[in-house]
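Heads up, the thing below is written out as structure tokens.
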Amino acid sequence: MSAPVPQRTAPFVMPAKAGTHATWVLAFARMTKWIALLLLLALATHAFAVEPSERLADPALEARAVAIGATLRCLVCQNESIEDSGASLAHDIRVLLRQLLLKGDTDEQAREAIVARYGEFVLLKPPVQPATYILWFGPAALLGLGFAAMVVWLRRRPAATSSAEPLSPQEQSRLETLLREADR
């Protein structure tokens, strides 16, 4: 007869025969390593979004480019700015933005050129205008409609009445009997 093969568990799962202090310390150390690894991976993707070859030599122009890029949406990731995204389209927009700034465009001219090319969706914070009213006021309107519907529903439902008749002497004695039996 051969010896049973020990089964491996995930690093963050406690062994079946836990209980000693050393077992808990070991499990905590394993879990901490995995959390640290996940955090490093998350930070690494953010740190390498803007490639060194994209950076401008003039620190003032680079600061302007970063500030403008923080207001522009990555069209691939959609909830990240182009400065935070590692997508190739975000790279192209960052390069275009820096070329516009090197050409001498103002911040507003560079932003308008990118909006003209990619549409207003590229803006992380769209302007308040009739075409974007639903974005700005839609959530508040839905919340208000939900509140109004709740008020209407609460007013229309029948009121809770306490028209319950008192127990008859026979029902009262039966209830007392049941309660005494339950206490035994």
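Give me the pairs: first residue in the stretch 113-132 and surrounded by 14 or more Cβ atoms within 10 Å (Cβ to Cβ), second residue among the acidic types (Asp, Glu) and assigned to a helix (DSSP H, G or I), beta-carbon distance under 8 Å, and six or more apart or on different chains, which are they?
Short answer, once both residue conditions are applied: PRO126/GLU120; THR132/GLU120.
Filter the stretch 116-133 down to residues that are of a type in the set (Gly, Ala, Ser) and outside any loop (DSSP other than H, G, I, E, B) and give me whichever is farthest from CYS74 (Cα to Cα).
Per the stated criteria, the residue is ALA131.
Need the failing condition index for ALA113 against (1) farther than 30 Å from GLU62 by Cα; (2) part of a helix (DSSP H, G or I); (3) among the hydrophobic types (A, V, I, L, M, F, W, C), just the number.
It fails just one condition, (1).
Would you say LEU96 is part of a helix (DSSP H, G or I), without any contact (Cβ under 8 Å) to a residue 12 or more places away in the chain and surrounded by 10 or more Cβ atoms within 10 Å (Cβ to Cβ)?
no
Restricting attention to the stretch 57-70, which residues are in contact with a helix residue (DSSP H, G or I) (Cβ under 7 Å, 6 or more places away or on another chain) and within 14 Å of LEU124 (Cβ to Cβ)?
ILE68, GLY69, listed by residue number.
Please go through the stretch 137-167 and give me each residue that is in a loop (DSSP other than H, G, I, E, B) and surrounded by 10 or more Cβ atoms within 10 Å (Cβ to Cβ), ordered by number.
Pass one, the stretch 137-167, residues in a loop (DSSP other than H, G, I, E, B): 157-167.
Across the stretch 137-167, the qualifying residue is only LEU167.
Suppose we filter GLN109, GLN170 for residues that are exposed (fewer than 10 other Cβ atoms within 10 Å of the Cβ), at pLDDT 90 or above and out of contact with any His (no Cβ under 7 Å at 6 or more places or on another chain); which single one remains?
Result: GLN170 is the single residue among GLN109, GLN170 that is exposed (fewer than 10 other Cβ atoms within 10 Å of the Cβ), at pLDDT 90 or above and out of contact with any His (no Cβ under 7 Å at 6 or more places or on another chain).
Against the conditions (1) surrounded by 11 or more Cβ atoms within 10 Å (Cβ to Cβ); (2) within 20 Å of ASP58 (Cβ to Cβ); (3) over 26 Å from the mean Cα position of the chain (by Cα), where does ALA70 fall short? Just the number, please.
With (1) surrounded by 11 or more Cβ atoms within 10 Å (Cβ to Cβ); (2) within 20 Å of ASP58 (Cβ to Cβ); (3) over 26 Å from the mean Cα position of the chain (by Cα) applied to ALA70, the lone miss is (3).
The values are calculated or read from the model by the stated rules, or taken from the named source; none is laboratory data. The structure presented is a predicted model; accordingly, all values stated were derived computationally and were not measured. Positions of Cβ are generated from backbone atoms using ideal geometry, with glycine treated the same way; all protein chains shown enter the neighbour counts.
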